[in-house]
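The values are calculated or read from the model by the stated rules, or taken from the named source; none is laboratory data. It should be emphasised that the depicted structure is a prediction, and the values quoted were computed from it without experimental measurement. Quick reminder, even Gly has a Cβ in these numbers, built from the backbone with ideal geometry, and neighbours come from all protein chains shown.
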Amino acid sequence: MQMTSDNETWEPKIIAFCCNWCSYSGADLAGTNRLNYPANVKIIRVPCSCRINPMFILRAFQRGADGVIICGCHPGDCHYMTGNYHTRRRMTLLFSMLDYLGIEKERTRVEWVSAAEGQRFVDVMDDFVGQITKLGRCRRLEDLRCRTN
Amino acid sequence: MQDELIKRACELLDDGTVNRVLGWSTGDFFYDITPTVFGSAEDVKKNFVYNDFCGANLSKYLIAESQKEGKIAVFLKPCDTYSFNQLMTEHRLKRENIYAIGIPCDGKVSAETLHDAGIHGILGVKRDGDDLVCDTVYGSRRMSFDAAQDERCRSCKSRRHVVYDELLGEEGEVLDSHRFDEVEKLEAMTPEERFNFWQGELSRCIRCNACRNVCPACNCELCVFDNPKSGVFSKAASNDFEDANFHIIRAFHVAGRCTDCGECSRVCPEHIPLHLLNRKFIKDIDTLYGDYQAGEKEGQMSPLSAFTEDKDAEPSIVQKGGIR
Amino acid sequence: MASNYTVTPEEILAISGVNPRRCMKCGRCTATCPAFAEMEYHPHQFVAMVESGRIGELMNSRSIYRCLSCMACIERCPRQVDPARLIEAVRLAVERKQGGNHLIPDQVPERLEPDMPQQLLVSAYRKYTK
Amino acid sequence: MQKIGVFVCHCGTNIAATVDVEAVAEAARHVPGVVYATDYTYMCSQSGQDLIKDAVKKYGLTGVVVCSCSPRMHEKTFRKAVDSVGMNPYLLEIANIREQCSWVHKDKEIGTKKAIALMKAAVAKAELDSPLTAGETPVVKRALVIGGGIAGMQTALDIADAGYDVDIVEKNPTIGGKMAQLDKTFPTLDCSSCIVTPKMVEVGQNEKIHIYSYSEVTNVSGFVGNFKVTIKRKARYVDETKCTGCGLCTEKCPMKKVPNEFNLGLNNRSAVYIPFAQAVPKVATIDPNYCLMLNKGVCGLCSKVCGAGAINYKDTDKEIEVEYGAIVAATGYEIMDVSKYDEYAYSQSPDVVTSLEYERLMNAAGPTGGELLRPSDHKRPKTIVFVQCVGSRECDSTRGGKPYCSKICCMYTAKHAMLTKDHYPDTDIYVFYIDVRTPGKNFDEFYRRAVEQYGVHYIKGAVGKVTPENGKLIVQASDLLMNEQLTIDADMVVLAAAIEPSHSARHLATMLTASMDTNDWFTEAHPKLRPVESPTAGVFLSGVCQGPKDIPETVAQAGAAASKVIGLLSKDKLAGNPCVAHSDEMMCTGCSQCADVCPYGAITYVDKEFRMRDRTTKVRRVAQVNPAVCQGCGACTVTCPSGAMDLNGFSNSEIMAEVDALCR
């Protein structure tokens, strides 16, 4: 865990990519039911979780995000039939690679959230924000390039 | 072997089977090998070389060469044939314009390894049993061939050609390589150790793009990093993050397509073990989705394009202890 | 005796690994049961009683010892409720509450009834001996 | 320079209570590119929309951001509004500050801060938005119906009635389907053939309908409005155009020991056959598995007796390709194989039959001429046991069991019991049921009649075992209400076997890229609101292929599917979704990875000539996306290493601009 002096005022930045058909609707449902979750979570709408390019995830970290979460329809329920199966393979390999590079594996996550799972969306976000808060600011991806020692 | 290759190349040029030959010639030093297209038998006889330093994979050059008028002969070492097949799968080669000649290979050496071992002023090398004897300006020096050869050759995955029109010499076997040993060592480290390792390696990157330019899988018309419209455009690192970004994205783009030819690490002027990134993807794919060797057969579906409905691991496997 | 002990349905479910709520009350278990005539409570009643928590009655009933463990009900059950597993679980619950070995080899000859099926004896050895 | 307008909605107090809307509008004014920002109580109201429209005109806006409720709610509304004043609707972005901000945060400071961030992300995206226009494709005015049962026939008739051409592809030599095999129908007990055979004739005679009988669909390409379908016309060895259906060949054919499918193998037919008297088309077919001429090269009797000269032993399978605007799947069902349910002795005794076999045994045109005789000794059964739910409602699929209720069994069993009692009042009938399910008009009354008027013994319980013994079937069963175990000496046992989707359905669904559930029933686009459409555009569902249903429901759904098809065919052109993928040909390497992941087959490759900077030309293989087929999932964009493939409306640079804005 990295503790920095400005951690007093530090708030984690979380980017949540949500597929339009399930998870984005699930997030809407959380709103409709007035279920609270941390405001650190900012949602980006994509048509399908398979639209999420690893470049977007790295870009988020590059620009200072502390955690990136990807939400899609449950496997088998994809609006486009097979999209989330591709997401599953791509993200498994990408996350494994980030872990291999020594990036904290807790900073990236994939969760399947259906349009009916407003509560689950909230639970997932609470948990994820808690996890990122514990980890602190994300530095490692940036630091991969600067040799400090 | 070199004489045999030259003889065959001249025959093919003389009988009109091909009008060009893709092979190797030397640069300023005899160990400074450059892939070269030869247009005549005279040229071949004069300049063609095939020796222990001819590690360069010629497959990628065929993308441009096979588009040209007339047929070209190419000499392919076993690992080059995998790249050849992968390029065929991706419809990058005009097969009818290529005459592929498989040639055997028992490991290649690079001058850098010899320099690193303290052997300088090399005038010539020859094999003597298991050793490599170097004739240098400082006299004769000897080191074991195993130590002299490239890491990728030490952990060679196959000496079998997967495609050719004609084979010179003896066909080899698919080997039981230990190419994932290094990856496993890294996996066994703590995240901090891994991070420090990669920090040490990647921080040396100078973004010369040699890895990308030599990689047979990196054959885009325009690389996303050179394309201002792609959103990740960066010719050189503008902030500390971008080289890491470059290498992760590059590894991801070639995941499932990389044949593990090892050219990226061979050409890296900073000796960054880039092949360890690719091998991690290969190892994960083998573990999770079944053994897959890119380029083994033409027309294979990449494991990143395929999926199973109920057997694929969830991404959370990484959090739960990783893919081992 | 068993009557002094209570066992919760949850324990029975944990032992048996069966979910009686899946039962659609078709009666195939009872239709199949070769020991039907011997039983006070029949297989389908077993399932219903476990589900409604009437475990004590089952534990005190001789019916649980009439089950031959022939597994025909498991074979036929279309809902994977598997009554024989529940019966087995109740027998085990009785056993666990009593503690110790219920069946000691030396006592077998005197307790042997001539019309006792051999299969039952073997199954009893397997299940009731620690 | 972009000129963007930002419009912040209060949504009454829904947003304004937790978000300082004025502060959001004020923040927007300081965002580069924003030339106008305001807030209003109800942006979706007429006056709110007018506010937007006026601003677009007044400030010459090139982009609009509405900070309001979820885009799933009002994106369409606002797009329409800007469209009405000449702005491309896809230059509008929504910042969801209600569902994903004001409703989930209580603290106004936090809410406002987040709303500003969301607004900025939407502005960042709007700045990169480009105008999009939906493509148009012409519609081929012809429909294909796959399956010629009652569902397919009804759909075809209704489409033809509206004036469109319809083709029916039926794998059997005749249309008619399962309904042609039934004796009577519930709950009216009217004769099935009397309803279905006139329909068959109507289909056969309709000028707008063409029947491809004894044919199969082998390939489907294309997309809504423009499908290309390959139909294999199996070799019939009889010229359909010449055969008069006189039946002389079937009489003379010496090979008479072929199990008759129409009677479920309860009797035999000849090698050249017409399935049944009312078959449409009434044309003979030679069964190549049994014909002596085709197998041994000797016989040729049928050819000799055929006055029309219709027999052609050299016939071969032929494939034809036809274009269609819409495709209807009407592939129906099969009866499940119950031979694995050994406890019912189906394989051991011919007197244990499935309900469809019983149907044939009752039918006047059946193997016994309508007299109920049991198959083993042709004696009239006195005691009959009906077993319900055989293979239906099971958790365990090892014996082929189905988790669903087959829906029709309760009613047809009541029908069988009543008909049997009608003809032979002295028959004892036992029905073992788990539940009797009779939701439907006059259904419960029908079942009660079987119990009350006819005295059918309905027993709540199940059959555990059937043992054939000395010409009897010993049925051991439970009576749960009496808490008894029973033994019945029966003469016949009738199994209400589960129904399952046609075995060809899965293959067909793959060709159509239509989705299926785990039981191989076709999935509807929406279970409530789009019950007769498949999620694949232009593919519709008719009848049991979508799930178990009875005849009236099937006919109703068939009509509904037809009306959807007519709605589609009545359009001359189809407007597509403009948010589709497109490939930058200058960048594409033609590697084909995008086509590998496309679930719709929307990507094809062409060799295209490019002029290079040095004035030479170069032919390159490049990907092209068919915008009419692409649904816009974006799977291809990620698999493309060169970034040549991008998605309209959700482009790489747009999403990254959002990421940048939100991380700032």
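Annotation: of all residues in segment B:195-222 being assigned to a helix (DSSP H, G or I), in contact with a helix residue (DSSP H, G or I) (Cβ under 6 Å, 6 or more places away or on another chain) and within 25 Å of residue D:591 (Cβ to Cβ), the one that is nearest to the other protein chains (Cβ to nearest Cβ) is B:211. Residues that are more than 7 Å from chain D (Cβ to nearest Cβ), over 11 Å from residue A:70 (Cβ atoms) and not in a helix (DSSP H, G or I) within segment A:17-44 comprise A:20, A:21, A:22, A:33, A:38, A:40, A:41, listed in sequence order.
For segment B:74-117, the set of residues classified as of a type in the set (S, T, N, Q) and assigned to a loop (DSSP other than H, G, I, E, B) consists of B:110 only. Within segment D:30-53, no residue that is not assigned by TED's automatic domain parsing to the domain that holds residue D:97 sits with its Cβ atom under 6 Å from a residue that is surrounded by fewer than 18 Cβ atoms within 10 Å (Cβ to Cβ) at 6+ positions apart or across chains. Quick check, is residue C:76 over 18 Å from residue C:91 (Cβ atoms), within 12 Å of another protein chain (Cβ to nearest Cβ) and in contact with a strand residue (DSSP E or B) (Cβ under 8 Å, 6 or more places away or on another chain)? It is true that residue C:76 is over 18 Å from residue C:91 (Cβ atoms), within 12 Å of another protein chain (Cβ to nearest Cβ) and in contact with a strand residue (DSSP E or B) (Cβ under 8 Å, 6 or more places away or on another chain). Please verify whether segment D:477-492 includes one or more residues that are at positive phi and not assigned by TED's automatic domain parsing to the domain that holds residue D:547. Among the residues of segment D:477-492, at least one is at positive phi and not assigned by TED's automatic domain parsing to the domain that holds residue D:547, which makes the answer yes. When residue B:120 is tested against the conditions (1) within 14 Å of another protein chain (Cβ to nearest Cβ); (2) not in a helix (DSSP H, G or I), the lone failure is (1).
What residue, of A:55, A:81, A:91, is without any contact (Cβ under 8 Å) to a residue 12 or more places away in the chain and at the interface with chain B (Cβ under 10 Å from one of its Cβ atoms)?
Details: A:81 fails: at the interface with chain B (Cβ under 10 Å from one of its Cβ atoms); A:91 fails: without any contact (Cβ under 8 Å) to a residue 12 or more places away in the chain.
Checking each option against the conditions leaves just A:55.
When you look at residue B:184, is it of a type in the set (D, E, K, R) and either in contact with a Gly (Cβ under 9 Å, 6 or more places away or on another chain) or surrounded by 18 or more Cβ atoms within 10 Å (Cβ to Cβ) (or both), yes or no? When the stated conditions are applied, residue B:184 does not pass them. Scan segment B:142-164 and tell me whether some residue there is surrounded by 16 or more Cβ atoms within 10 Å (Cβ to Cβ), among the basic types (Lys, Arg), over 30 Å from residue B:9 (Cα atoms) and more than 11 Å from every other protein chain (Cβ to nearest Cβ). Taking every residue of segment B:142-164 in turn, none turns out to be surrounded by 16 or more Cβ atoms within 10 Å (Cβ to Cβ), among the basic types (Lys, Arg), over 30 Å from residue B:9 (Cα atoms) and more than 11 Å from every other protein chain (Cβ to nearest Cβ). Among the residues of segment D:225-254, those that are assigned to a loop (DSSP other than H, G, I, E, B) and either of a type in the set (Lys, Arg) or surrounded by fewer than 21 Cβ atoms within 10 Å (Cβ to Cβ) (or both) comprise D:234, D:235, D:236, D:239, D:240, D:241, D:242, D:244, D:245, D:246, D:247, D:254. The set of residues in segment D:563-614 being closer than 24 Å to residue B:228 by Cα, exposed (fewer than 12 other Cβ atoms within 10 Å of the Cβ) and either touching a His at 6+ places or on another chain (Cβ under 8 Å) or away from every other protein chain (no Cβ under 14 Å) (or both) consists of D:611 alone.
Can you tell me which residue is farthest from residue A:73 (Cα to Cα) among those in segment A:120-138 that are part of a helix (DSSP H, G or I) and charged (D, E, K, R)?
Filtering segment A:120-138 down to residues part of a helix (DSSP H, G or I) leaves A:120-135.
Then keep just the ones that are charged (D, E, K, R); that gives A:120, A:123, A:126-127, A:134.
Numbers: A:120: 13, A:123: 16, A:126: 19, A:127: 19, A:134: 28 Å.
For segment A:120-138, the residue satisfying everything is A:134.
Yes or no: residue B:92 among the basic types (Lys, Arg) and closer than 28 Å to residue B:167 by Cα? Considered against the rule, which asks whether it is among the basic types (Lys, Arg) and closer than 28 Å to residue B:167 by Cα, residue B:92 comes out as yes. Looking only at residues of segment D:614-656 that are of a type in the set (D, E, K, R) and touching a residue at least 12 places away in the same chain (Cβ under 8 Å), we find that the one that is nearest to residue A:93 (Cα to Cα) is D:646.
Which residues, counting only those in segment B:250-280, are within 14 Å of chain D (Cβ to nearest Cβ), in a loop (DSSP other than H, G, I, E, B) and of a type in the set (D, E, K, R)? Step through it out loud before you land on a result.
Step one: list which residues in segment B:250-280 are within 14 Å of chain D (Cβ to nearest Cβ), which gives B:250-258, B:278.
Retained after the next criterion (residues that are in a loop (DSSP other than H, G, I, E, B)): B:255-258.
Passing the criteria: only B:257.
With respect to being assigned by TED's automatic domain parsing to the domain that holds residue B:91 and outside any loop (DSSP other than H, G, I, E, B), residue B:7 fits the description.
Is it the case, given these coordinates, that residue C:23 is modelled with pLDDT of 90 or more and out of contact with any strand residue (DSSP E or B) (no Cβ under 8 Å at 6 or more places or on another chain)?
Numbers: modelled with pLDDT of 90 or more: yes; out of contact with any strand residue (DSSP E or B) (no Cβ under 8 Å at 6 or more places or on another chain): yes.
The answer is yes for residue C:23.
Yes or no, residue by residue, for (1) within 14 Å of another protein chain (Cβ to nearest Cβ); (2) surrounded by 21 or more Cβ atoms within 10 Å (Cβ to Cβ); (3) free of Cβ contacts under 8 Å to residues at least 12 places away in the same chain; (4) under 20 Å from residue D:484 (Cβ atoms):
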{"residue": "C:8", "(1), (2), (3), (4)": "no, no, no, no"}
{"residue": "C:25", "(1), (2), (3), (4)": "yes, no, no, yes"}
{"residue": "C:29", "(1), (2), (3), (4)": "yes, yes, no, yes"}
{"residue": "C:44", "(1), (2), (3), (4)": "yes, yes, no, yes"}
{"residue": "C:47", "(1), (2), (3), (4)": "yes, yes, no, yes"}
{"residue": "C:65", "(1), (2), (3), (4)": "no, no, no, no"}
{"residue": "C:69", "(1), (2), (3), (4)": "no, no, no, no"}
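Quick one: would you say residue A:69 is within 18 Å of residue B:319 (Cβ to Cβ), under 14 Å from the mean Cα position of the chain (by Cα), more than 8 Å from chain D (Cβ to nearest Cβ) and outside any helix (DSSP H, G or I)? Against the criterion (within 18 Å of residue B:319 (Cβ to Cβ), under 14 Å from the mean Cα position of the chain (by Cα), more than 8 Å from chain D (Cβ to nearest Cβ) and outside any helix (DSSP H, G or I)), residue A:69 qualifies.
What are the residues in segment D:629-662 that are in contact with a strand residue (DSSP E or B) (Cβ under 6 Å, 6 or more places away or on another chain), of a type outside the set (Val, Ile, Thr) and more than 7 Å from chain A (Cβ to nearest Cβ), if any? D:630, D:636, D:644, D:645 - these are the residues of segment D:629-662 that are in contact with a strand residue (DSSP E or B) (Cβ under 6 Å, 6 or more places away or on another chain), of a type outside the set (Val, Ile, Thr) and more than 7 Å from chain A (Cβ to nearest Cβ). Within segment B:83-120, track down each residue that is within 19 Å of residue B:27 (Cβ to Cβ), surrounded by fewer than 22 Cβ atoms within 10 Å (Cβ to Cβ) and within 20 Å of the chain's Cα centre (by Cα). Listed by number, the residues that qualify are B:110, B:111, B:112, B:113. On the basis of being among the charged types (D, E, K, R), under 26 Å from residue B:79 (Cα atoms) and away from chain A (no Cβ under 14 Å), does residue B:226 make the cut? Answer is no for this residue.
Criterion applied to D:506, D:393, D:399 was being outside the structural domain of residue D:379 (by TED's automatic domain parsing) and surrounded by fewer than 22 Cβ atoms within 10 Å (Cβ to Cβ), and the one residue passing it is D:506.
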